[in-house]
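The structure appears right after this line, and notes come after that.
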Amino acid sequence: MLQENPALLYLLYSALLYWAMLLFASLAHARGWTLPGMKIAMGNRDNLPPEPLWVGRAHRAARNMGENLLIFTVVVVVAVLAKAPRDSVTTGAQVFFFARLFYFAVYIAGIPYLRTVVWAVALGGIGIIAGAVLSVS
C-alpha cells in the first residue's frame, strides 16, 4: 500500500514529526532530561519553571504543525482515494514534510522571516497535492 501511495508514507512521517515536536517541547519545558525535570514532567505540571524563549517557540511550532497536519492529512487522503497523479501527490507530500522539518529548526532558532517563507513552502506542498486532485475531477 505504501509503495503504491508514497504520500501515505510522508503522512506517517509527518505525524511522527508532530509527535516528536510535541515531545521535544514538553520535555524542554519541564527540563525532562534531568532527574528533577523528569519529576516535573511526570507530575501535574502545576509549578513549571519559567520557560526560555526558544521553548515557547518549540511549543508554538508544534501547535502550528498540528494545525497544518490536519489539512495535510485530509488532502493526502482525498488524493489517494481520488487516485490523483502519484508523482504530483508524492512531490507535494515531500515538499510538505521536509519544509515542516526545516520549519521546526528555523522557528526554534528564532529566525522570523525565514520561518514564514518555510511555512509558505509547506503550504505550497499542500497546494501541489490539491492541484493534483483537482486535475482528476
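The values are calculated or read from the model by the stated rules, or taken from the named source; none is laboratory data. On a predicted model such as this, the values are computed, not experimentally measured, just so you know. Note: ideal-geometry Cβ built from the backbone for every residue, glycine included; neighbour counts use all protein chains shown. In case anyone asks, the SASA skips ligands and DNA or RNA and just uses the protein heavy atoms, side chains included. Shrake-Rupley method; radii C 1.70, N 1.55, O 1.52, S 1.80 Å.
Applying the selection to segment 72-110, what residues are over 21 Å from LEU27 (Cβ atoms), charged (D, E, K, R) and assigned to a helix (DSSP H, G or I)?
Selection gives ARG86, ASP87.
Looking at this structure, is LEU69 open to solvent by 30 Å² or more (accessible area, probe 1.4 Å) and at pLDDT 80 or above?
Considered against the rule, which asks whether it is open to solvent by 30 Å² or more (accessible area, probe 1.4 Å) and at pLDDT 80 or above, LEU69 comes out as no.
Only one of LEU69, LEU123 is within 14 Å of the chain's Cα centre (by Cα) and under 25 Å from LEU27 (Cα atoms); which?
LEU69
Are any residues in segment 100-121 under 18 Å from LEU8 (Cβ atoms) and open to solvent by less than 30 Å² (accessible area, probe 1.4 Å), and if so, which ones?
Scanning segment 100-121 gives a single hit, ARG100.
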